[in-house]
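So the structure is just underneath, and the comments pick up after that.
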Amino acid sequence: MKGQRSRRHDLQATFDRARDALVTASRERRVIEKLKERRRREFEATEARREELEIDESNARRHERATREGLARRQAETATP
């Protein structure tokens with residue numbers, strides 16, 4: 001009887017340690033997942049800003065080219081008698 005109690009106590013202690021380890025591991029995993037998600041969102045935001053800048057630069061070049069061409073066309077029209 002005493003041996004069974006001791007064995008049961010040992011098993012319960014082993015179970016409790018395993019459960020505590022599982023709880024700790026679960027917390028750590030949630031923290032890691034949150035960090036990964038935050039980094040993913042930061043990366044996506046950075047990429048979106050970079051893409052916006054590229055589009056803005058492209059539009060600025062297109063506008064500049066159209067302005068130059070329009071100016072050259074107007075100058076040619078006024079220079080022709």
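The values are calculated or read from the model by the stated rules, or taken from the named source; none is laboratory data. Just so it is clear, the model here is predicted, and its values are computed rather than measured. Positions of Cβ are backbone-derived with ideal geometry, glycine not excepted, and every protein chain shown enters the neighbour counts.
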With the first residue restricted to segment 60-81 and required to be free of Cβ contacts under 8 Å to residues at least 60 places away in the same chain, and the second required to be loosely packed, with under 10 Cβ neighbours inside 10 Å and of a type outside the set (S, T, N, Q), Cβ contacts under 9 Å at 6 or more apart or on different chains are none
Options 71, 22; residue that is modelled with pLDDT of 95 or more and surrounded by 10 or more Cβ atoms within 10 Å (Cβ to Cβ): 22
